[in-house]
Amino acid sequence: MSQKFIPLSVPNLKGRELEYVTHAVETEWVSTGGAYVDEFEKKTAKYVKAKGAVSCQNGTAGLHIALQVCKITKENEVIVPTLTFIAAVNPVKYIGAEPIFMDCDDSLTMDVDKLLEFCETECSFMEGKLINKRTNKHIKAVLVVHVFGNMANMEKIMDIAEKFNLKVIEDATEAIGTYYLKGKYKGKYAGVIGDVGVYSFNGNKIITTGGGGMIVSNNEEILKRAKHLTTQAKSDELYYIHDEIGYNYRMTNLQAALGLAQLEQLDTFINVKKENYDLYKEAIKEIKGLTILTFKDNIRPNYWFYALYCDEKYPLNRDEIIQYLLSKKIQSRPIWGLINDQRPYLSSQTYKIEKAKTYLKHVINIPCSSNLKKEDVLYVIECLKHPEKV
């Protein structure tokens, strides 16, 4: 029997998804109205211990709204990571603001030491505003990404934000379910520590609505404004009066029905992903030249993606591993190309981008779906133990 194909990350739809979606269809509430939207918002907010949640079409839309509710304008700059998916940064340009790219640390999240150094040495803090010495523009926010379900150092980020009067936007699109186990923010979930956070329910995320996102906050004014902007800024429901430019960013009832069933299984998914991660980690540490990057020990991560680091001691380089695994019917991928190297951002300001370049050359993601079987993991490990040139 030929080996089945092992995808990188696919949905796990084995709960009440069909039941809820069927109910939405049978009651004919399939568009942007319907009880499932409200229930999904409320239960997501309850799960992550936020005051409220506002659903939207995807994580990118959520970040677009997050920047606006934080009152970022074309006159401002936003500090962002370079090692992330480009959708985290594009919304900064949607509103005409400019990004400043920051390096990562060994967790692949934003380097907070460089962030502080940049604020102290490359900027002036005057009258409550952080001013970029190079451009004389007001840096108004830091947009932090919790990469692969790891948690950025929110303790230091929030301290820096308080010191320099910065808004904090959490791109938690990969990190729903991740929370602190100890420290200042013990029990706090990724996405609800800063001013506003955003989750994604894309098809490859730990829970999915096919496409979809969620904005969360503990600030009721932010939540109210996010709801207003995502529903076409309608100030009069009956007479269709709109008081500003809004967006058709609403989630459909069908998506929310799917998401509600997925949310019910989130902790189960995390437990399975942890088991598989531990299995990978223990076996791969015996393979010379390969390492599974760890998650921080002060958090309960959601284990969304597993990052495999290959150094020069391994017979194959990054690209050769990807091709070799594919020949064995195993899907893997490199991490994202650094955003400051992408054509739309070549002229953007950067600050000491070093580690991100190294990780780009050496890291790949390997299969991590929540429905991945133990025998699948063992097969991937066995292939990695016996590398071949393709």
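The values are calculated or read from the model by the stated rules, or taken from the named source; none is laboratory data. Treat the numbers as computed from the prediction; the structure is a model and nothing was measured. All Cβ positions, glycine included, derive from the backbone under ideal geometry; neighbour counts span all protein chains shown.
For the stretch 161-182, which positions are over 24 Å from Ala87 (Cβ atoms) and either without any contact (Cβ under 8 Å) to a residue 60 or more places away in the chain or among the charged types (D, E, K, R) (or both)? Working first, answer last.
Within the stretch 161-182, the first condition is being over 24 Å from Ala87 (Cβ atoms), and the residues that meet it are 162-165, 180-182.
Result: Glu162, Lys163, Phe164, Asn165, Lys182.
Tell me the strands (runs of 3 or more DSSP E) entirely within the stretch 120-179 that contain at least 2 residues that are within 30 Å of Asn204 (Cβ to Cβ). Don't jump to the end; show me each part of the working.
Values: elements: 123-126, 129-132, 138-145, 167-171.
Where strands (runs of 3 or more DSSP E) fall fully within the stretch 120-179 and carry at least 2 residues being within 30 Å of Asn204 (Cβ to Cβ), they are 138-145, 167-171.
Restricting to the stretch 202-255, and then to whatever is farther than 30 Å from Trp304 by Cα, touching a His at 6+ places or on another chain (Cβ under 8 Å) and not charged (D, E, K, R), can you tell me which residue is modelled with the lowest pLDDT?
My answer is Ser235.
For Asn271, are the conditions met, namely being buried (at least 18 other Cβ atoms within 10 Å of the Cβ), of a type in the set (S, T, N, Q) and either over 20 Å from the mean Cα position of the chain (by Cα) or assigned to a helix (DSSP H, G or I) (or both)?
Details: buried (at least 18 other Cβ atoms within 10 Å of the Cβ): no; of a type in the set (S, T, N, Q): yes; either over 20 Å from the mean Cα position of the chain (by Cα) or assigned to a helix (DSSP H, G or I) (or both): yes.
Answer is no for this residue.
Please indicate, with yes or no, whether at least one residue in the stretch 202-216 is under 19 Å from Leu166 (Cα atoms) and in contact with an Asp or Glu (Cβ under 8 Å, 6 or more places away or on another chain).
No: zero hits.
Are there any pairs with C-beta distances below 9 angstrom linking a residue in the stretch 311-322 that is under 15 Å from Lys357 (Cα atoms) to a residue that is surrounded by fewer than 18 Cβ atoms within 10 Å (Cβ to Cβ) and among the β-branched types (Val, Ile, Thr), with the two at least 6 apart or on different chains, and if so which?
Qualifying pairs under 9 Å: Asp311/Thr291.
How do the strands (runs of 3 or more DSSP E) wholly within the stretch 21-112 filter down when requiring 3 or more residues that are outside the structural domain of Phe201 (by TED's automatic domain parsing) and without any contact (Cβ under 8 Å) to a residue 40 or more places away in the chain: which remain?
none
Suppose we keep only residues that are more than 24 Å from Gly149 (Cα to Cα) and of a type in the set (Ser, Thr, Tyr) within the stretch 293-352. Which one would you say is surrounded by the most Cβ atoms within 10 Å (Cβ to Cβ)?
So, considering only residues that are more than 24 Å from Gly149 (Cα to Cα) and of a type in the set (Ser, Thr, Tyr), the one surrounded by the most Cβ atoms within 10 Å (Cβ to Cβ) is Tyr345.
Can you name the number of the only condition in (1) of a type in the set (A, V, I, L, M); (2) buried (at least 16 other Cβ atoms within 10 Å of the Cβ); (3) closer than 30 Å to Ser369 by Cβ that Ile86 fails?
(2)
Residue pairs, Cβ under 8 Å, 6 or more apart or interchain, first in the stretch 231-243 and in the same structural domain as Asp38 (by TED's automatic domain parsing), second hydrophobic (A, V, I, L, M, F, W, C) and surrounded by 10 or more Cβ atoms within 10 Å (Cβ to Cβ). List them.
Lys234/Ile241; Ser235/Ile241; His242/Ala233; Asp243/Ala233
Being over 13 Å from the mean Cα position of the chain (by Cα), surrounded by fewer than 24 Cβ atoms within 10 Å (Cβ to Cβ), over 17 Å from Gly62 (Cβ atoms) and in contact (Cβ under 8 Å) with a residue 12 or more places away in the chain, is that true of even one residue in the stretch 189-212?
no
If you take the residues of the stretch 113-141 that are of a type in the set (A, V, I, L, M) and touching a residue at least 24 places away in the same chain (Cβ under 8 Å), which of them is nearest to Ala66 (Cα to Cα)?
So in the stretch 113-141, the residues of a type in the set (A, V, I, L, M) come out as 115-116, 126, 130-131, 139, 141.
Right, trim to touching a residue at least 24 places away in the same chain (Cβ under 8 Å) and you get 115-116, 130, 139, 141.
Details: Leu115: 21, Leu116: 23, Leu130: 20, Ile139: 16, Ala141: 11 Å.
Going through the qualifying residues, I end up with Ala141.
When the residues of the stretch 291-324 are narrowed to those that are more than 20 Å from the chain's Cα centre (by Cα) and part of a loop (DSSP other than H, G, I, E, B), which ends up nearest to Asn153 (Cα to Cα)?
The qualifying residue nearest to Asn153 (Cα to Cα) is Asp311.
Any residue at all in the stretch 341-351 that's in a helix (DSSP H, G or I) and either assigned by TED's automatic domain parsing to the domain that holds Pro81 or within 21 Å of Leu108 (Cα to Cα) (or both)?
Here is the first cut: in the stretch 341-351, the ones in a helix (DSSP H, G or I) are 341, 343-345.
Keeping just the survivors that are either assigned by TED's automatic domain parsing to the domain that holds Pro81 or within 21 Å of Leu108 (Cα to Cα) (or both) gives 341, 345.
Scanning the stretch 341-351 turns up at least one residue that is in a helix (DSSP H, G or I) and either assigned by TED's automatic domain parsing to the domain that holds Pro81 or within 21 Å of Leu108 (Cα to Cα) (or both).
Might you let me know whether the stretch 362-371 holds any residue that is on the phi > 0 side of the Ramachandran plot and out of contact with any Asp or Glu (no Cβ under 6 Å at 6 or more places or on another chain)? Write out each step before concluding.
Filtering the stretch 362-371 down to residues on the phi > 0 side of the Ramachandran plot leaves none.
Checked the stretch 362-371: no residue is on the phi > 0 side of the Ramachandran plot and out of contact with any Asp or Glu (no Cβ under 6 Å at 6 or more places or on another chain).
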